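The values are calculated or read from the model by the stated rules, or taken from the named source; none is laboratory data. Since the structure is predicted, the reported quantities are computational estimates derived from the model, not experimental observations. Because the Cβ atoms are built from the backbone with ideal geometry, glycine has one as well, and the counts that use them run over all protein chains shown. Areas reflect the complete protein model, heavy atoms only, side chains present, ligands, DNA and RNA absent. Shrake-Rupley method; radii C 1.70, N 1.55, O 1.52, S 1.80 Å.
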Amino acid sequence: MKFVVPYLRVVAGMFAAITLWLAIVEVVNGNVADAILFVAFAAGLGYLAMGKPLRDRRKRIKAEQDAIAARAEAGHRAFLAGDVRAAMAPPPAPPKPARIRRGVVIAAAVAGLLVFMGIINDISDGLDSPTKDDVSTTPRAAAPTTTTPSTTSAATTARTVAPETAPATRISTTQVAAVASVAVMPNVVCMDLQAAQDIIQAAGVFYSTSVDATGQGRAQVWDRNWVVVDQTPSVGASIGEGDPVLSVLKEDEFSGC
């Protein structure tokens, strides 16, 4: 049984790391209650993995300190008794730590590699919440978007820019429209999220947002794994910083392009 116990601790440590990562994913997805539950499980598994080694190390340190204290006391008494040689004797050698078997080290390295690969896979998939796997990934029907025309006419803007007291310097409506139009919204539907963001930035707007079209609130960590299925505002509308909103799905969830 002693031969198997170290490997069981490695397995417990691996699952503790996985559970802790799931707690982090839940926090990213806003599920605090589930995250607390995962943290509790991770703490229990971590205790099973590291509890006994930590206790053994604490016992070894205490035994070493007790031996040094006992040797100091014996040396003090020998010095008072006039036995200088016994008083100057070196302290006892500290106890040696238990030797870790090579197989346990290899198993721990393999477990760490598996956990690392799982984390990378989760990040590439967008950090889905493990407690929401039963939620349908069918995209919701996109709500019709309407563009409300600006109630400020070009002539009013022109009067604001150039007061009526100076008619010679009044700006034309064509110039005002050119200044007011920051950028034009391009058509980015059916593009991956990274390419869509690049095209919007090329149009002159550097800040856009993306939302999960299923309504699950999944984070788009790896932009190239997501496809734009709807956009707001519509193609050709004037946009400014933060105006573009892109509804996205994962590549394997959408085949409408």
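Points worth noting:
- Scanning segment 212-246 for residues that are under 17 Å from the mean Cα position of the chain (by Cα) and among the β-branched types (Val, Ile, Thr) yields a total of 1.
- Test result for GLN194, out of contact with any Leu (no Cβ under 8 Å at 6 or more places or on another chain), closer than 26 Å to ILE119 by Cβ and not aliphatic (A, V, I, L, M): yes
- Residue in segment 214-237 that is open to solvent by 50 Å² or more (accessible area, probe 1.4 Å), in contact (Cβ under 8 Å) with a residue 40 or more places away in the chain and among the charged types (D, E, K, R) present: no
- Looking only at segment 238-250, and only at residues there that are surrounded by fewer than 19 Cβ atoms within 10 Å (Cβ to Cβ) and of a type in the set (Gly, Ala, Ser), the one that is farthest from ASN29 (Cα to Cα): SER238
- The residues listed here are THR169, THR214; of these, the one that is closer than 28 Å to GLU26 by Cβ and either in contact with a strand residue (DSSP E or B) (Cβ under 6 Å, 6 or more places away or on another chain) or modelled with pLDDT under 90 (or both) is THR214.
- The helices (runs of 4 or more DSSP H) found wholly in segment 3-110 and carrying at least 1 residues that are farther than 30 Å from ASP212 by Cα, open to solvent by less than 90 Å² (accessible area, probe 1.4 Å) and touching a Ser or Thr at 6+ places or on another chain (Cβ under 8 Å) occupy 32-80.
- Single match in ALA17, ALA87 (criterion: at pLDDT 85 or above and of a type outside the set (Ser, Thr, Tyr)): ALA17
- Restricting segment 113-128 to residues that are open to solvent by less than 40 Å² (accessible area, probe 1.4 Å) and not β-branched (Val, Ile, Thr), the residue that is nearest to LEU249 (Cα to Cα): GLY126
- Residue list for segment 196-213, filter: in a helix (DSSP H, G or I) and open to solvent by less than 30 Å² (accessible area, probe 1.4 Å): ALA196, ILE200
- Taken over segment 214-257, the criterion of being within 12 Å of ALA196 (Cβ to Cβ) and either aromatic (Phe, Trp, Tyr) or outside any strand (DSSP E or B) (or both) is satisfied by GLN220, ASP223, ARG224, TRP226, PRO244.
- Residue check, GLU253 open to solvent by 50 Å² or more (accessible area, probe 1.4 Å) and within 26 Å of the chain's Cα centre (by Cα): no
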